[in-house]
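Each reported figure results from applying straightforward, stated rules to the coordinates on display, with no laboratory input. No experiment lies behind these values; they were computed from the predicted model shown. Reconstructed Cβ throughout: ideal geometry from the backbone, glycine too, with neighbour counts over all protein chains shown.
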Amino acid sequence: MKLVYFCSLAAVVVSQAAFADEQTLQSFALKNHVLTMQTSHGQMELRLLRDDILENRFIPKGKSASPARASHAVQLHRALPGMQLEQQQNLLKVQAGQMLVEIQKSPMRLRYYAQGRFLFEDIVSDRTENGLALTELAVQPDEVLYGGGARALGMNRRGHRLPLYNKAHYGYEEQSLQMNFAMPLFLSSQKYAVHFDQPSTGFLDLDSQKNNRVVYGAGGDTRTYQVLAGTQWPQLIDAYTTLTGRQPMPARWTLGNFASRFGYHSAEEALKTVALFRAEKIPLDAIVFDLFWFGKEVKGTMGNLAFDKDNFPDPAGMMASLKKQQVRTVLITEPFILTSSGRWEEAKQNAILATGKDGKPYEYDFYFGHTGLIDITKPAARDWFWQRYAELKTLGADGWWGDLGEPEVHPDDIRHAGGSAAEVHNIYGHEWAKLIAEKSARFYPKERPFILMRAGYSGSQRFGMIPWSGDVNRSWGGLRSQPEIALQMGMQGMAYMHSDLGGFAGAVDDDELYTRWLQYGVFQPVFRPHAQEEVPAEPVYRRDAAKALAKAAIELRYRLLPYNYTLAFENHRSGMPLMRPLFFAADAGAEARTSASAYFWGNDFLVFPVLNAGQKTMQVSFPRGHDWIDFQSGVTYAGGSQHQLVLSSGTIPVFVKSGAMIPMAEGLQSTEDFRVADLNWHIYPQTVSETKASEGQLYDDDGKTRLAWEQQAFALTRLSQQHTAEGLLLTVDEKAGRRYQSVPRQWTMYVHGVSKEPQIITIDGKAQTFSYDAAQKLLRFTLTFKPGTRHQIRLPGLQQVRG
């Protein structure tokens, strides 16, 4: 690899006289693959964690320099071999994998490069701000900066000083500086990322002073960060999710429709709601119980963690009845034990609560009552909390909702077994999800848990956390912020970030807003309408016109189940989010770097959500490199073109990439109805100019077994298409794991955009019957095969029509 060294960095390199407390490099040694440098202020260590991940760790003088420390976020710790040093008069060059670091000795500076590209400069100093140790990086003037967790600020977060303190923002709309996921991470449009490996509260300043500086401030002595770099976005996402962990495969029902509101007051009310879904033939997979399952009132009952016997006299019977109707039960839980709850004395006796300086349970007031807080960092408290989940699981509960886990109110002077409030606050939800994930794996090793959480930290995805964007206002402004939040969080590993569809806060009865939000939700990771009960969130309680549009959206969601489940598999294997920014395209223009008004759903769909009231038209720009086919009308648009579209109330603009092959299912009322043997494939031929073969895939397992992929209990079907001299060649090739329960396939294949009826279609050289619809330019035939086999389909003379 050729290395390019930059001599002129005037735009980013800090003046050598910038700070009085700068450090100097005094000595260094490379031992056990770790470069250890003694500085005037302490010890700095560089270690290569992967070919494209480098870690920097600094221990101030007088502090412990233990060889390893616990990280809540990072899974990679072992230093890899291959670090090479080159010393010059005032410069030390360190080559490590794809990374190069130029270390200026006095005053000390670290300049990072990857694949010959300059990334940024670490201004090594010993500065503090309000007791927080600072890490200061000089970045380039034209970089767009992303990350910092969940915020509503626009895709380019440069210019903002972000509090690193998980905090709920009730009723937010288009602007929210501080929300439930404050992650110490930023990503650059130059395709690198820096993760600050310290969970304590602090701030991340993304050049708010307009001086090309990123400043990270946090408590604690040791300062650690990891630098990741790639040449393409998928490489960078792969690196970050390798560093912090990958999302496990969710249960298939996670991708279905949820009935949810604040909240169902009785078993009778919940069963009636599910019966309406079934009567209206609106698909449904789960029902979510908010806090009324354990108490009749909003206030005073939190911490009961047991069904209210008056309104839920037979919870096991209720959940069994729901399960017979193919509906799963999800229960809300919170980490607060009120003094007025039925568990207060038990909590005190078992010493499971965070304490004050006197060692007694710390009591305080918040919205729901006078309370204590479960100390999630204390082993005994974790065991006690898990026992409540185990009891509810025995009754029939299928999933868990962890609410208020910031924690919503968390006094500064409260004490945890794992540290101070500042040290524990941002990892509280993270540790809560870890508790459920690890205990579930131990006691229910064959199942995939469902863990819906409102707060978390870097790496929470590896516990299977399903995050949502909090109590968004039920307004157009609230809807407009949702694509940005989901796209940003997907880049930060949390690929299942989603919103309360329809909006949560406020008694707003707006059918247009409701249906547009649900239409967007079809192409969002989790489809879960949820709201305050004054205006119903469930489509079965909406007016007829809105109900019909909502039903159509939900039915489309279920038709896309095999495609969406394959996206979940791709995320599990590579970390790639389900929702992807436009700039993920290799040939995206500069304007895409700050856009959240459109996005990719997986690799094949281009989605333009309708985000404004009364909107009749939309100006759209199509990404270059492919043609784009209207998913509803079949009209084809050239990549790179712009068009003014007339909007329909029945759908949002959605387009399929030329060369895409989309597996779809029909007639599902539950994800349990899904049968891989009976699918429809929708094939959108490449344009003749696209000479490279395009590929698609379908992943299948039983939808519920933990580690199905790892245990060879899966089938992976790959489709490819390519223009040849004769016409279109389709190849179907399937790999089945040895533990996969295979059944013969009989798939209906639809080829779109066919300009004229072909004379013959062959499968493995044998002529096949087919039908052709000239008006829709649609070709249809059947493919029958056994799992683990390979087939070639030839369509001589086939050309795609342009709209």
With -39,500 (n - 2.57) per DSSP H segment of 4 or more residues and division by the full residue count of the chain, the 222 nm estimate, nearest 500 deg cm²/dmol, is -5000 deg cm²/dmol
What is the local net charge at G575, summed over the other residues whose Cβ is closer than 12 Å to its Cβ (Lys, Arg +1; Asp, Glu -1)? +2
Determine the distance separating the Cα centre of the stretch 85-134 from the Cα centre of the stretch 199-250; give it in Å without decimals. 17
J(HN,Hα) series, the stretch 137-144, from Karplus relation 6.51 cos²θ - 1.76 cosθ + 1.60, nearest Hz, glycine and proline x: 10, 9, 10, 7, x, 9, 6, 8
Scattering from the C-alpha atoms of the stretch 443-493 alone, worked out with Debye: what is log10 I(q)/I(0) at q = 0.14, 0.29, 0.32 1/Å? -0.46, -1.17, -1.25
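Does the chain come out rounded, prolate or oblate by the C-alpha gyration tensor, with a ≥ b ≥ c the root eigenvalues, rounded set by a/c under 1.5 and, if not, prolate when a/b is larger than b/c and oblate if not? Let's see the in-between values first.
Values: a/c = 1.80, a/b = 1.16, b/c = 1.56.
Oblate is the answer for the chain, as a/c is 1.5 or above yet b/c matches or exceeds a/b.
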Neighbours of L479 by Cβ distance under 12 Å: Lys/Arg at +1, Asp/Glu at -1, summed charge -3
re the stretch 424-514: pairs of Cα atoms spaced beyond 20 Å account for a percent value of 45
Mind sorting T394, T231 by how few other Cβ atoms lie within 10 Å of their own Cβ, fewest first? T394, T231
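Going down the list K191/K393; K360/K439; K704/K766; K324/K446; K324/K439; K93/K692, which pairs span over 32 Å between their C-alpha atoms?
In this structure, K191/K393; K704/K766; K93/K692 exceed 32 Å between Cα atoms.
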Just to verify a number: FRET efficiency for D358 and S574, C-beta to C-beta distance, R0 = 51 Å, to 0.05? 0.50
Relative to the present Cα-Cα distance, how much length would full extension add between S649 and D773 at 0.36 nm per residue of separation? 42.0 nm
Can you give me the C-alpha center-to-center distance between the stretch 373-406 and the stretch 611-626, rounded to a whole angstrom? 45
Taking the mean number of other Cβ atoms within 10 Å as a proxy for protection, how do you rank 465-476, 673-684, 637-648 from highest to lowest? 465-476, 673-684, 637-648
Considering only the stretch 252-574, what is the antiparallel percent among its DSSP beta bridges, to the nearest 5? 35
If you put +1 on each Lys and Arg Cβ and -1 on each Asp and Glu Cβ, how big is the dipole of the chain around its Cα centre, in Debye rounded to 20? 1860
Which of the peptides 135-144, 115-124 is most tightly packed, and how do the rest follow, judged by the mean count of other Cβ atoms within 10 Å per residue? 115-124, 135-144
Which of the peptides 304-314, 94-104 is most tightly packed, and how do the rest follow, going by the mean number of other Cβ atoms within 10 Å of each residue? 94-104, 304-314
Centre separation in Å (Cα based) which lies between the stretch 410-431 and the stretch 531-592: 35
Given a Förster distance of 51 angstrom, what is the FRET efficiency for Q140 paired with K324, based on the Cβ-Cβ distance and rounded to 0.05? 0.25
One finds, for Q746 and L707 with R0 = 25 angstrom and r their Cβ-Cβ distance, a FRET efficiency to the nearest 0.05 of 0.30
Looking at the chain, send over the antiparallel percent of its DSSP beta bridges, to the nearest 5. 85
Have a look at A693, A421, A546 and report the one farthest towards the positive end of the charge dipole of the chain, computed about the Cα centre with Cβ charges (Lys/Arg +1, Asp/Glu -1). A693
Taking amide H positions as placed 1.01 Å from N in the peptide plane, with prolines and chain starts having none, which residues 5 or more places from R328, or on another chain, fall under 5 Å of its amide H? A286, I287
Give me the extension gain from A279 to K299: residue separation times 0.36 nm, minus the current Cα-Cα distance, reported in nm with one decimal. 3.8 nm
Report, in debye and to the nearest 20, how large the dipole of the stretch 628-733 comes out about its Cα centre when Lys and Arg carry +1 and Asp and Glu carry -1 on their Cβ. 300
Where does the charge balance sit around G405 when Lys and Arg score +1, Asp and Glu -1, over other residues with C-beta under 13 Å from its C-beta? -2
The chain: relative contact order from alpha carbon pairs under 8 Å, six or more residues apart, as a whole percent, is 10
